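Presented below is the structure to which this report refers.
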Amino acid sequence: MAELKVTAIREGTVIDHIPAGKGLKVIEILRLNRPNGGVLLLASNVHSGKLGRKDIVKIEGKFLSEEEVNKIALIAPTATVNIVRDYKVAEKFKVEVPDEITGILRCANPNCVSNHEYTVSKFYVVSREPLKVRCHYCERTMEEEEILGNL
Amino acid sequence: MDWKGRDVISVRDFSKEDIEFVLNVAERLETELNEKGALDYAKGKILATLFFEPSTRTRLSFESAMHRLGGSVIGFSSAASTSVKKGESLADTIKTVEQYSDVIVIRHPMEGAARLAAEVADIPVINAGDGSNQHPTQTLLDLYTIKRAFGRIDGLTIGLLGDLKYGRTVHSLAEALAFYDVELYLISPELLRMPKHIIEELREKGVRIHETTDLEGTIPELDVLYVTRIQRERFPDEQEYLKVKGSYQVNCAVLKKAKESLRIMHPLPRVDEIHPEVDRTEHALYFRQVFSGVPVRMALLGLTLGVL
């Protein structure tokens with residue numbers, strides 16, 4: 001297997017085991033693609049024993065909030081998060097789709113009250129594979145494509 | 001079973017025991033009403049009916065139920081006459097109205113509005129229809145009507161006819177029927193088929209389901225035919241509406257193949273989907289269904305107020 005030609009980071013986060021092709025989406029939902037956002041490395045279509053092909057995102061100087069980890073879980077449920085300190089992995093965990101998703105997803109139903117009144121959005125996970133969630137307010141279900149479009 | 005202070009928002013919040021309990025209380029109240037004419041369980045209590053969109057039938061039914069329980073009613077029947085027009089939020093309207101009343105009934109054009117109202121209010125909130133989402137009291141009165149007509153719900157073969165795509169009454173009714181041992185025929189034009197996720201859910205719960213476009217071929221199988229209007233106002237595209245408008249009409253010719261015991265229901269208002277000649281037959285159950293709204297809503301108001 002070819003050596004990865006990406007620099008190791010001193011402090012920050014490595015998101016590994018992202019399904020191939022979803023790395024850019026992870027960058028987008030974490031809003032990492034902004035100027036002055038710090039060093040960001042994306043490796044795409046990397047060989048993976050588990051997934052066949054995978055993407056890896058390295059972010060220097062940033063540690064993820066719970067909300068950000070939940071967002072990643074919704075689009076890359078196989079991902080693992082590595083917290084790097086002083087070039088070493090200090091902590092490592094798998095993302096997990098929570099039973100309830102609060103505040104990070106917008107309802108795709110334009111007539112849902114949550115898109116018109118002040119509310120904190122809330123969804124219940126109906127199925128993890130394929131991912132399907134139900135809006136607490138309008139009860140409409142959203143599948144993967146709609147979820148991605150409303151993160 | 002303690003219902004005091006409980007909100008009635010969605011059929012999804014109910015268990016079979018909840019449904020049976022409400023139906024039994026409604027039956028008891030109907031008997032008492034027949035004996036005494038009027039009751040006074042809710043004397044001194046005030047119901048606020050907040051109808052942000054018009055629905056004369058549902059509003060009058062709730063008002064009648066509250067009056068028959070001995071309580072009184074305040075409210076409005078369109079958002080145009082309220083502070084909503086001035087830009088007031090739904091949450092503020094609810095917080096205000098709860099200062100004046102003991103229970104709130106809300107009809108709102110947005111899906112999820114009743115859930116939001118219930119979260120804001122400290123008094124019970126009853127959903128009288130939120131957009132194309134839920135209309136749980138309609139479902140309960142539908143079940144009550146079936147139970148009163150047949151003495152049971154289990155073992156029946158029920159056909160749902162018409163707009164199964166946009167019709168919230170058939171969505172909720174189908175979900176509630178999943179608690180019972182029923183066989184369902186979903187009869188609709190191709191364009192108005194029941195949403196796939198609802199069918200999947202029903203099948204997972206063990207309901208035997210048949211999808212068809214053929215009313216005449218199906219009618220001999222049925223104990224109940226639940227007819228719905230093809231609702232022009234729910235179609236995002238007028239052309240789509242015109243393609244399916246008038247797809248079915250239940251008339252005496254169609255009913256020749258039906259069991260004598262077939263009962264026809266309709267949440268009303270109807271347009272042309274049931275011919276008026278059917279009204280005079282034993283099959284017509286839809287006006288009795290309208291009456292069922294009163295004891296069922298009396299039961300819900302009384303239970304949530306904690307006076308029954």
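Quick notes on this structure:
- Residue in region B:12-27 that is within 14 Å of chain A (Cβ to nearest Cβ) and among the acidic types (Asp, Glu) present: yes
- In region B:109-128, the residue that is nearest to the other protein chains (Cβ to nearest Cβ) out of those that are part of a loop (DSSP other than H, G, I, E, B) and hydrophobic (A, V, I, L, M, F, W, C) is B:110.
- Against the list (1) open to solvent by less than 50 Å² (accessible area, probe 1.4 Å); (2) without any contact (Cβ under 8 Å) to a residue 40 or more places away in the chain, the condition residue B:294 fails is (2).
- Residue in region A:32-39 that is among the polar types (S, T, N, Q) and in contact (Cβ under 8 Å) with a residue 40 or more places away in the chain present: no
- The single residue among B:183, B:190, B:175 that is on the phi < 0 side of the Ramachandran plot, open to solvent by 10 Å² or more (accessible area, probe 1.4 Å), within 14 Å of another protein chain (Cβ to nearest Cβ) and not polar (S, T, N, Q) turns out to be B:175.
- Tallying residues that are farther than 22 Å from residue A:128 by Cβ, in contact with a Leu (Cβ under 7 Å, 6 or more places away or on another chain) and open to solvent by 10 Å² or more (accessible area, probe 1.4 Å) within region A:47-95 yields 1.
- Answer residue from region A:121-132, given it is at pLDDT below 95 and within 14 Å of chain B (Cβ to nearest Cβ) and is least open to solvent (accessible area, probe 1.4 Å) among those: A:131
- Number of positions in region B:224-234 that are assigned to a loop (DSSP other than H, G, I, E, B) and either open to solvent by 30 Å² or more (accessible area, probe 1.4 Å) or at pLDDT below 80 (or both): 2
- Failed condition for residue B:268, given (1) modelled with pLDDT of 95 or more; (2) of a type outside the set (Lys, Arg); (3) within 18 Å of residue B:144 (Cα to Cα): (1)
- Yes/no for residue B:65 being at pLDDT 95 or above, touching a His at 6+ places or on another chain (Cβ under 9 Å) and small (Gly, Ala, Ser): no
- Scanning region B:129-155 for residues that are of a type in the set (Ser, Thr, Tyr), within 14 Å of chain A (Cβ to nearest Cβ) and over 16 Å from residue B:13 (Cα atoms) yields one hit, B:132.
- For region A:102-120, the set of residues classified as in a loop (DSSP other than H, G, I, E, B) and either at the interface with another protein chain (Cβ under 7 Å from one of its Cβ atoms) or closer than 13 Å to residue B:119 by Cα (or both) consists of A:109, A:111, A:116, A:117, A:118, A:119, A:120, listed by residue number.
The values are calculated or read from the model by the stated rules, or taken from the named source; none is laboratory data. Every value quoted in this text rests on a predicted model; they were computed, and no experiment measured them. Cβ coordinates were reconstructed from backbone atoms using ideal geometry, including for glycine residues, and neighbour counts include every protein chain displayed. Side chains are part of the model used for accessible areas, which takes the heavy atoms of the whole protein and leaves out ligands, DNA and RNA. Shrake-Rupley method; radii C 1.70, N 1.55, O 1.52, S 1.80 Å.
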